[in-house]
Amino acid sequence: SLQRLLADCRAGKIVIIMVEDFDRWSRETYDAVELCEELMGLGVEFHSAGDRKVLSKKEVIEAALKAEADRDRRNLILSMGRFQHAAAGGAHSGEFFGYRYGEERVFLVVYGPEAEIILLVFQMAATGVSYRKIGIAMKARGAPGPSKDCKWTKTTVANMLGQIAYTGRWFYPFTRTVYDRKSNTQKQVLRHPSEMSKAHFENLRIVPDELFLDRKS
C-alpha cells in the first residue's frame, strides 16, 4: 500500500498526505527521513492530524525518534513478559516432542510415551550406537518421532540428542527475527546474553545430566 501511495505521488496524483498520528506512518527513523526527503522533493506536503500541521523535515525526525522509542519501549515490555513466563517454566516456543500442555495451557508437562523414546535414543547413543543405526532401530519399532510421518533419519536423531531442554534446562530463544530495510528481508540474529532467561526445572527432565553430557563429550 505504501509503494502504491508513493507511485501516485511520483505520478503527480497526490499533493497532500495526512496521517492520523505519525506512528501510524513509520516507527523507523531512517525510513521516515528517507520518505520525507522524497516527498518534499516531489512537492507533496506531509500532514499529521495529531499535530494539526504540516511537518517540516526537523519535525519529521523528532516525531520518528519519538515513535521509534515508543516502539522499543513496547517491545521491551512484551519481552519482559516473555522472560518472566519462560523463567516460570512456560513454553517458550509451543508444544514439542516429549511434552504436552498441562492443565494450564502455556505450561508443559512430560509426556510419558514420547519421553520413553527420547530416553532410549540417548541410552543407545551413549553406548556408541551410530545415529543411522538408532534411526533404523526406532523405525523398526514403529516409534513415533518429533514430526508427522517421521522418517527417523540420522538428522532426526542428531537433533533430538542436541535438545538440551530434555535435561530440564529451558532457555529463552537464542535468536530473534529482525527486518533488514535495505534488502527488504527478514533474518535471524543471535540475541545478546542479557536477553536470554534460563532456568532448570526438574519436573521437565527426561534424561539425566550425565547421559546428555557424556554423549556430548
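The set of residues from segment 193-202 being modelled with pLDDT under 85 and under 30 Å from V129 (Cβ atoms) comprises H200, F201. Scanning segment 1-51 for residues that are part of a helix (DSSP H, G or I), farther than 13 Å from A67 by Cα and polar (S, T, N, Q) yields one hit, Q3. Hey, any hits in segment 69-86 for a residue that's of a type in the set (A, V, I, L, M), surrounded by 13 or more Cβ atoms within 10 Å (Cβ to Cβ) and at pLDDT below 85? Yes, the conditions are met somewhere in segment 69-86. For segment 109-129, state whether one or more residues are small (G, A, S), over 23 Å from the mean Cα position of the chain (by Cα), over 21 Å from P208 (Cβ atoms) and part of a helix (DSSP H, G or I). Looking for residues that are small (G, A, S), over 23 Å from the mean Cα position of the chain (by Cα), over 21 Å from P208 (Cβ atoms) and part of a helix (DSSP H, G or I), one finds none in segment 109-129, hence no. For segment 11-38, taking the residues that are small (G, A, S) and either surrounded by 13 or more Cβ atoms within 10 Å (Cβ to Cβ) or under 24 Å from the mean Cα position of the chain (by Cα) (or both), the one that is modelled with the lowest pLDDT is identified as S26. I'd like to know if segment 134-141 contains one or more residues that are modelled with pLDDT under 85 and either open to solvent by 40 Å² or more (accessible area, probe 1.4 Å) or on the phi > 0 side of the Ramachandran plot (or both). No, there is no match, as no residue in segment 134-141 is modelled with pLDDT under 85 and either open to solvent by 40 Å² or more (accessible area, probe 1.4 Å) or on the phi > 0 side of the Ramachandran plot (or both).
The values are calculated or read from the model by the stated rules, or taken from the named source; none is laboratory data. This one's a predicted model, so the numbers in the text were calculated from it and none came from an experiment. Positions of Cβ are generated from backbone atoms using ideal geometry, with glycine treated the same way; all protein chains shown enter the neighbour counts. What goes into the accessible areas is simple: the full protein's heavy atoms, side chains included, and nothing from ligands, DNA or RNA. Shrake-Rupley method; radii C 1.70, N 1.55, O 1.52, S 1.80 Å.
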